[in-house]
Amino acid sequence: MKRILLSIFLLILSGLVTGCESDRTPLDFNDLERQVRQGDEAALRKTAQLLGHPVLSERAYALLMEQGQTSVPFLLELIEDPDPARREAAIAALGNLGAQQAAGRIAEVLADTALERRYVAAWALGKINDPAFIGDLIAVLDDANFEVRRQAVRALIRIHRPAVPALLEALPGASPQMTRGIIHALGDIGDRRALEPLLEQTHAGHRAETMLALGKLRDPQATDALIAGLTDEDWQVRMNAAMALGPLGAKKAEQPLRQTLEDEVTVVREWAARSLEMITGQHILYRNAKAEMVPPDNVYH
């Protein structure tokens with residue numbers, strides 16, 4: 001019995017390694033590569049079908065990338081493929097190839113909430129980098145799936161400054177969850193058009209995210225709002241405000257940061273010391289969790 005099971009296992013393993021067509025004819029991938037490089041479209045389609053294969057997917061993906069735009073029509077055929085692994089790999093490949101002709105259909109995948117792993121569509125839209133789909137990405141900042149939201153934010157950051165007007169337009173009426181994503185994107189994009197709208201958020205429910213975003217803008221006009229954040233009741237707001245003030249280099253922040261060296265939360269004190277070093281050019285000690293006076297770790301190298 002053990003020999004029979006071993007034989008079955010070896011047969012299965014052999015099929016996985018070589019690949020197998022519907023008529024059970026073993027697939028010679030090296031020969032397939034040769035045919036693809038000779039411009040054989042049937043071989044290229046067969047290669048695309050190998051996406052998601054437990055053994056050959058990576059080789060197939062690399063071969064499709066090697067062919068560049070020639071692969072796009074065959075990848076487009078797989079956007080609605082019933083095999084989720086094949087569909088995801090095809091969408092990722094289209095993103096890496098910057099296939100703008102695929103963006104509309106990928107946006108449809110992104111909007112289909114029945115697909116759990118549709119975050120790859122958000123990632124691909126960011127790689128394709130077509131501003132026409134900014135609205136689709138903003139819409140899913142309110143998605144129930146965390147990974148979809150995260151990849152949508154990254155895609156908007158990748159699209160960069162062209163995304164700013166739509167993000168600013170969406171901000172006033174956004175839900176709390178969408179607001180968080182918009183603030184994150186605006187901060188990482190770093191466009192100063194976001195300054196006033198972000199300053200308006202310093203008294204709202206996302207103060208910690210707003211402090212961080214204002215720091216990334218590095219606009220001196222945010223100094224007063226960041227100094228005010230040093231005394232917020234939320235320690236994360238205080239930490240992010242302290243973190244943001246150092247790169248601004250504003251001398252008026254020196255005294256408030258020295259007072260923050262007495263904050264009850266260790267990490268807030270540490271960031272106050274770090275920012276004071278940046279502003280004053282002097283070595284600053286802070287009281288760590290063991291009540292020892294120590295220099296802050298250098299996080300900038």
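Remarks
- With R₀ fixed at 41 Å, the C-beta to C-beta distance from Ala42 to His160 puts the FRET efficiency at about 0.55.
- Computed over the stretch 196-235, the convex hull of the alpha-carbon atoms projects to a mean area of 2.5 nm².
- Approximating the spin labels as points 7 Å out from Cα along Cα→Cβ, the Ala139-to-Glu169 distance works out to 1.4 nm.
- Tensor-based shape of the stretch 236-281 (alpha-carbon gyration tensor, a/c under 1.5 rounded, otherwise prolate or oblate): prolate
- Our note on the geometry: Cα centres of the stretch 223-270 and the stretch 108-147, 36 Å apart.
- Share of pairwise Cα-Cα distances greater than 19 Å in the stretch 150-301 is 52 percent (whole percent).
- Rounded to the nearest 20, the Cβ-based charge dipole of the stretch 85-195 about its Cα centre (Lys and Arg +1, Asp and Glu -1) stands at 300 debye.
- Residue-span extension gain [Arg258 to Ala114] - 0.36 nm each, minus C-alpha spacing: 46.6 nm
- Separation in nanometres of the label points that stand 7 Å from Cα toward Cβ, at Thr231 and Ala85: 6.0
- In a fully extended conformation the segment linking Glu77 and Gln100 would gain 6.8 nm over its present Cα-Cα distance, using 0.36 nm per residue.
- Residue among Thr266, Ala250, Asn145 farthest towards the positive dipole end of the stretch 144-301, charges placed on Cβ: Asn145
- Relative packing of peptides 61-71, 223-233 - highest average C-beta neighbours within 10 Å first: 223-233, 61-71
- Average accessible surface for the chain: 52 Å² per residue, computed with a 1.4 Å probe over protein heavy atoms with every protein chain in place.
- Straight-line cross-link reach from Lys127 at under 28 Å between alpha-carbon atoms covers these lysines, not counting any fewer than eight positions away in the same chain: Lys46, Lys216.
- Carbon and sulfur %, accessible surface of the stretch 107-217 computed with the full protein complex present, 1.4 Å: 51
- Viscosity 1.306 mPa s, 10 °C: Kirkwood-radius Stokes-Einstein D of the stretch 27-131 over Cα pairs, µm²/s: 116
- For the chain, alpha-carbon Rg and Dmax in angstrom: 26.1, 82
- Distance (nanometres) between label positions extended 7 Å along Cα→Cβ at Glu66 and Arg193: 4.3
- When only Cα pairs below 8 angstrom with a gap of at least 6 residues are kept, the chain shows a relative contact order of 7 percent.
- Taking a ≥ b ≥ c as the square roots of the eigenvalues of the alpha carbon gyration tensor, the stretch 54-104 is oblate, as a/c is not under 1.5 and a/b does not beat b/c.
- Size of charge dipole - the chain - debye, nearest 20, with Cβ of Lys, Arg +1 and Asp, Glu -1, no other charges: 580
- Here is how the number arises for the chain: DSSP H runs of 4 or more residues each give -39500 (n - 2.57), the sum is divided by the residue count, and the result at 222 nm is -18000 deg cm²/dmol.
- When peptides 116-127, 166-177 are sorted by average Cβ neighbour count within 10 Å, with the highest value leading, the order is 116-127, 166-177.
- Three-way shape label, the stretch 124-240, alpha-carbon gyration tensor, a/c 1.5: prolate
The values are calculated or read from the model by the stated rules, or taken from the named source; none is laboratory data. Computed from a prediction, not measured in an experiment: that's the story for all the values here. Ideal geometry is used to build each Cβ from the backbone, glycine not excepted, and the neighbour counts take in all protein chains shown. Surface accessibility is based on the protein's heavy atoms, side chains included, excluding ligands, DNA and RNA. Shrake-Rupley method; radii C 1.70, N 1.55, O 1.52, S 1.80 Å.
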